[in-house]
Amino acid sequence: MPNGRLSLGLLAAAAYAVLSHWLMVHAADRPWAIAALFGPLLLAALGFALRQRNGPLLAGLAFALLGLYGIVERGGVGDVNRLYVLQHAGIHFALFVSFAASLRPGRLSLIGGVAQRVHGGSPLSPEMVRYTGKVTRLWAGYFLAMTLASLCVYALAPWSVWSLLANLVTPVLIAALFVGEHLLRYRLHPEFERATLAAAVRAYSHKPVNGDAAGR
């Protein structure tokens, strides 16, 4: 992925985050706003599932798109705020489960699989296997913390504060973790083979490497 396309994608994501916050504060219950908020996310996930050839995920997303169409046709839902909270907390909890499940003994962690794809599928060194396992635990902890934060802020704070957390704070934290880990990695482990941020982003979207044993 060329740097220009990556920068354009980041700008588009930032614009979408700002627009989402405005819509959730000023037009959260409008059917067209629901379509604008959920549609792009579901279509992006559908594209990812198609690239991965993941049948169950494709079926689930198709069902979700039909549900979104039904909501828009009905003119919305009763308490639309709960729908947004369910989406935000549910996505983060699903990511927590995915990252945590990859930490089972004898298997390559999720981040380890990404690192293996970045480096052309070559087996990782034992030190890199241990490091990527720690990074996977860090991301799993973040996703669980954000799930709990989403629910707590919704229960205890005004809706505008929750929208700020979901649409602006969340992507900033993800970007900070992603870039911060990338920079810290080579300070802690200068012996690791270098890889660009663009290569790492591209590796996340590709089909996982079949690596059962860590460091295999």
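Taking the square roots of 5 times each eigenvalue of the Cα gyration tensor of the range 83-160, largest first, gives ellipsoid semi-axes of 32, 11, 9 Å.
The simple Förster model, with R0 at 30 Å and r as the Cβ-Cβ distance, assigns residue 98 and residue 14 a FRET efficiency of 0.75.
Largest first, the residues 181, 127 sort by 1.4 Å accessible area into 127, 181. The accessible area of residue 186, taken with all protein chains in place and a 1.4 Å probe, comes to roughly 20 Å².
Estimated at the nearest 10 Å², the accessible area of residue 135 is 10 Å² with a 1.4 Å probe.
The values are calculated or read from the model by the stated rules, or taken from the named source; none is laboratory data. Because the structure is predicted, anything quoted here is derived from the model rather than measured. Here Cβ is always computed from backbone atoms with ideal geometry, including for glycine, and neighbour counts include all displayed protein chains. Heads up: the accessible areas ignore ligands, DNA and RNA and are worked out on the full protein's heavy atoms, side chains in. Shrake-Rupley method; radii C 1.70, N 1.55, O 1.52, S 1.80 Å.
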